[in-house]
Amino acid sequence: MITTLTIVGARPQFIKAAPVSRALRCHAREILVHTGQHYDRGMSAIFFEELQLPEPDYNLCIGSGSHGKQTGEMLIAIEEVLLKERPDWVLVYGDTNSTLAGALAAVKLHIPIAHIEAGLRSFNRAMPEEHNRVLTDHAADLLFCPTPHAVDLLAQEGITHGVHLTGDVMLDAFLYNAELADRHSAILTELGLQPREYYLATLHRPANTDDPTQLQTLLSTLAKLALPVVLPLHPRTRYQIEQHNLLPESKIGNLKLVEPVGYLDMLMLERYAQLILTDSGGVQKEAYMAGVPCITLREETEWIETVESGWNVLVGAAPEHIQAAAHDFARPKDHPALYGDGHAAERITEILVHSGPWKA
Ligand code: UD1
Ligand code: UDP
């Protein structure tokens, strides 16, 4: 039986790891490492509970910091764990600093790396995630791609060995939990919302939040839209609002600021929204999965197929573009299966288990 050491640290990674961990543990030993990149209960523990993720075997408690400090501290701590555990595989997810630290620690110790959500590119090198993705893909031995487009992008960089089209594990999580959310979440009642009579928004990209003028413009624009806008506040965004005292003005109008919500509540808010406005990667995809139109508050996206299918529009942060998109969105008729069949985790498990320990 192979031993896989899985590294997670940020909110979307807990969600992606849940279906994979469930499938993997039927056929392999998994050691779960939480870097501690996200640590608030609403950004971490709630997902372990709701998604029945096993308790981490190691919590490295690294916490927040500058990119170098955070990634460097993770690198040191992950290396210690790898030297002790000597797994057959290191499994990393997505594009955060936890992903890069895990990949760097493993590659230097000649431990093979499997990267879930490989081949994503925004082609925007100002995004910290873009470096994390490129470097991780180039260090990885197995690259699990959610879409054919991701496979093509890897090929353009000369990466063809170990590449597998598996579908997206976020669809696995979405399908597994949608009905549970219907049964267990009371968020619509709690917030006094009627289905299709509100918009859902999320905002956390540094490009949108770290400049207070830009953040204020975005909040004010959201506040003036035609329907109530629920905005679960990422701690990065809350910090900026408090730091620059943006709250009073942005509270005007239709904006409902709430704490970050758990995954089941988030699925409810997404699936019953009239429209979603976001700069999140995962939320763009979930909007598509839910069949809800999405307005992306960025100039580019890694999830280009959502735009090509007509369900997502890229508007950046200009108020007039956001208002026009919210007003004029035409729902497409077609809704092709862009992200697989909801069994990506099983496929990934099978490939990992059959690969055994990596032979270069
Ligand atoms: C990180 C990822 C980003 C991902 C996002 C998911 C990197 C470079 N960025 O961004 O790709 O989309 O997670 O949500 O890895 N904070 C808290 N409590 C927490 C966590 C963070 O208060 O539990 C605050 C801290 O002030 C921290 C700030 O949020 O400095 C940013 O956190 P950090 O993990 O560095 O980046 P994210 O913006 O969350
Ligand atoms: N999410 C959540 N509660 C929230 C906001 C987001 O459960 O308040 C979930 C969302 O459904 C998706 C994931 O977190 O599955 C997206 O994470 P995030 O937007 O933080 O990061 P990104 O996907 O942009 O890396």
- Query: How high is the relative contact order of the range 48-175, given as a whole-number percent (alpha carbon pairs under 8 Å, six or more residues apart)?
  - Reply: 18 percent
- Would you mind ranking Glu85, Glu308 by Cβ crowding within 10 Å, fewest neighbours first? Glu308, Glu85
- Task: Eight or more residues apart or on different chains, and alpha-carbon atoms under 29 Å: count the Lys pairs in the chain matching that.
- Result: 19
- Query: Ordered by residue, what ³J(HN,Hα) values in Hz, to whole numbers, does the range 91-100 give under the Karplus form 6.51 cos²θ - 1.76 cosθ + 1.60, where θ = phi - 60° and Gly and Pro are x?
  - Reply: 10, 10, 10, x, 8, 8, 4, 5, 4, 5
- Query: Hey, what do the phi angles of the range 189-200 turn into as Karplus ³J(HN,Hα) couplings, whole Hz, using 6.51/-1.76/1.60 and θ = phi - 60°, x for Gly and Pro?
  - Reply: 5, 4, 9, x, 10, 9, x, 6, 10, 8, 10, 10
- Note on the structure: Final fewest-first order of Val134, Val169 on the 10 Å Cβ neighbour count is Val134, Val169
- Query: What GluC sites (Glu not before Pro) does the range 100-187 have in DSSP loop regions with at most 16 other beta carbons within 10 Å?
  - Reply: Glu157
- What ratio of Cα Rg to 2.2 N^0.38 Å holds for the range 167-216? 1.62
- Item | Cα-centre dipole for the chain with unit charges at Cβ (Lys and Arg positive, Asp and Glu negative), debye to 20 | 240 debye
- Note on the structure: Rounded to 0.05, the calculated FRET efficiency for the beta carbons of Ser220 and Leu165 at R₀ = 35 Å is 0.25
- Could you give the size of the charge dipole of the range 69-211 about its Cα centre, using +1 on the Cβ of each K and R and -1 on the Cβ of each D and E, expressed in debye and rounded to the nearest 20? 180 debye
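If the chain between Glu308 and Gln194 were fully stretched, how many nm would it gain, using 0.36 nm times the residue separation less the Cα-Cα distance?
That pair, Glu308 and Gln194, stretches by 38.1 nm at full extension.
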- Query: How high is the relative contact order of the chain, in percent, with contacts defined as C-alpha pairs under 8 Å that are six or more residues apart?
  - Reply: 17 percent
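Under the rule a/c < 1.5 gives rounded, and otherwise a/b versus b/c splits prolate from oblate, where does the range 59-170 land using the Cα gyration tensor?
Oblate, because a/c is 1.5 or more while a/b does not exceed b/c.
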- Message: Tell me which of Leu24, Gly310, Tyr263 sits at the most positive position along the dipole axis of the chain, charges placed on C-beta atoms (Lys, Arg +1; Asp, Glu -1).
- Response: Tyr263
- Want the number for Ala126 to His321: 0.36 nm per residue separation, take away the alpha-carbon distance, what's left? 68.0 nm
- Query: Where does each of Met43, Met74 land when they are ranked from fewest to most other beta-carbon atoms within 10 angstrom?
  - Reply: Met43, Met74
- Task: With an 8 Å cut-off on Cα pairs and a minimum separation of 6 or more residues, tell me the relative contact order of the range 98-231 in percent.
- Result: 17 percent
- Query: Karplus couplings for the range 61-66 from phi (6.51 cos²θ - 1.76 cosθ + 1.60, θ = phi - 60°), rounded to Hz, Gly and Pro as x?
  - Reply: 6, 6, x, 8, x, 5
- So for the chain, taking the charge dipole from beta-carbon charges (+1 Lys/Arg, -1 Asp/Glu), which of His204, Met289, Tyr176 sits furthest toward the positive end? His204
- Prolate/oblate/rounded call for the chain, Cα gyration tensor, a/c under 1.5 rounded: prolate
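For the range 207-360, what class follows from the C-alpha gyration tensor (a ≥ b ≥ c being the square roots of its eigenvalues): rounded when a/c is under 1.5, otherwise prolate if a/b is larger than b/c, else oblate?
Prolate, since a/c reaches 1.5 and a/b exceeds b/c.
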- For the range 93-163, build the charge dipole from Cβ charges (+1 Lys, Arg; -1 Asp, Glu) around the Cα centre, then report which of Ile116, Gln156, Ala103 sits farthest towards its positive end. Ala103
- Item | Efficiency of FRET between Ala330 and Val258 - r from beta-carbon atoms, R0 30 angstrom, step 0.05 | 0.55
- Query: Just Ala105, Ala17, Ala155 to compare: in a GNM of the chain, with alpha carbon springs under 10 Å, which one fluctuates most?
  - Reply: Ala155
- In deg cm²/dmol, rounded to 500, what helix-only [θ] at 222 nm does the chain give when every DSSP H run of at least 4 residues adds -39500 (n - 2.57) and the total is split over its residues? -13500 deg cm²/dmol
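Laboratory data are not the source of any read-out in this text; all were calculated from the coordinates shown. In this text, all values refer to a predicted model and were calculated from it rather than measured experimentally. Reconstructed Cβ throughout: ideal geometry from the backbone, glycine too, with neighbour counts over all protein chains shown.
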